[in-house]
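Peer 1: Have a look at the structure that comes next, please.
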Amino acid sequence: MKTFLLSFLMIPLLFFGQDCTLSKTTDDFTNETKISTGFLSFNEGKSKFLVSMSTSNKEIDFFFSIANREEGWCFDNSSTAIIQFAGTRLKSTSRNTGSMNCQGLFHFTFRNVATTPSALTRLSTHPIESFSFKGSNKQYDFHLRESDREKFMKVVECIIKESKTLLPG
């Protein structure tokens, strides 16, 4: 009976483990370890976008691919992403840290430090209503579905947890 009860209590851990599929690689030149989610798909149709989250011992990078081949999705170093959290007026703004491009590629980063930055923690604890990307020529708005809100928070939580394992000492 105890074995059955213990097995039953372990089921949620198995489901959480499935949401946290990360890959670990080593850079050939610097020998630094990098952990990544790979590209994850969010939403469907014209509002679909991909996100890859990765971490090294220095930073946590959010890499968005929101390209729609019919339009020029241009971003430069003055482009911003505005994150609107669900059910509140709370917003977070991040500047593009990637290179200038018209392929719909947008990066923003956080430093990987022992104490997680509050803006990064908020991404794992508050559901996101929408992302608004202000590019050099337009603004692009993406509203997350309810199921994608939970998925996004879980993946951010995983990457935060794993980022701590890469810190020195």
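The values are calculated or read from the model by the stated rules, or taken from the named source; none is laboratory data. The structure displayed is predicted, hence computed values, not measured ones. Every residue, glycine among them, receives a Cβ derived from its backbone with ideal geometry; neighbour counts consider all protein chains shown.
Peer 1: Of the residues that make up segment 57-78, is at least one under 22 Å from residue 152 (Cα atoms), modelled with pLDDT of 85 or more, touching a Lys or Arg at 6+ places or on another chain (Cβ under 6 Å) and polar (S, T, N, Q)?
Peer 2: No, the conditions are met nowhere in segment 57-78.
Peer 1: Report, ordered by the first and then the second residue, all pairs with beta carbons closer than 6 Å, sequence separation of six or more or different chains, a first member in segment 128-148 that is of a type in the set (Lys, Arg), and a second member that is assigned to a strand (DSSP E or B).
Peer 2: That search, which allows pairs on different chains as well, returns 134/80.
Peer 1: Additional query: Hey, residue 115 hits all of (1) closer than 18 Å to residue 156 by Cα; (2) within 17 Å of the chain's Cα centre (by Cα) but one; which does it fall short on?
Peer 2: Looking at each condition in turn, residue 115 falls short on (2).
Peer 1: On to the next question. Quick one: in segment 25-43, of everything that is surrounded by fewer than 12 Cβ atoms within 10 Å (Cβ to Cβ) and assigned to a loop (DSSP other than H, G, I, E, B), which residue is nearest to the chain's Cα centre (by Cα)?
Peer 2: Here the answer is 27.
Peer 1: For residues that are not in a strand (DSSP E or B) and not polar (S, T, N, Q), tally how many sit in segment 44-60.
Peer 2: Of the residues in segment 44-60, the ones not in a strand (DSSP E or B) are 44-48, 56-58.
Imposing the further condition that a residue be not polar (S, T, N, Q) reduces the set to 44-46, 48, 58.
Result for segment 44-60: 5.
Peer 1: Name every residue in segment 138-167 that is assigned to a loop (DSSP other than H, G, I, E, B) and not aliphatic (A, V, I, L, M), in order of residue number.
Peer 2: Residues satisfying the conditions are 138, 145.
Peer 1: May I pose another question? Out of everything in segment 82-118 that is assigned to a loop (DSSP other than H, G, I, E, B) and of a type in the set (S, T, N, Q), what residue ends up being surrounded by the fewest Cβ atoms within 10 Å (Cβ to Cβ)?
Peer 2: 115
Peer 1: In segment 127-150, what residues are more than 15 Å from residue 87 (Cα to Cα), under 13 Å from the mean Cα position of the chain (by Cα) and surrounded by fewer than 16 Cβ atoms within 10 Å (Cβ to Cβ)?
Peer 2: Passing the criteria: none in range.
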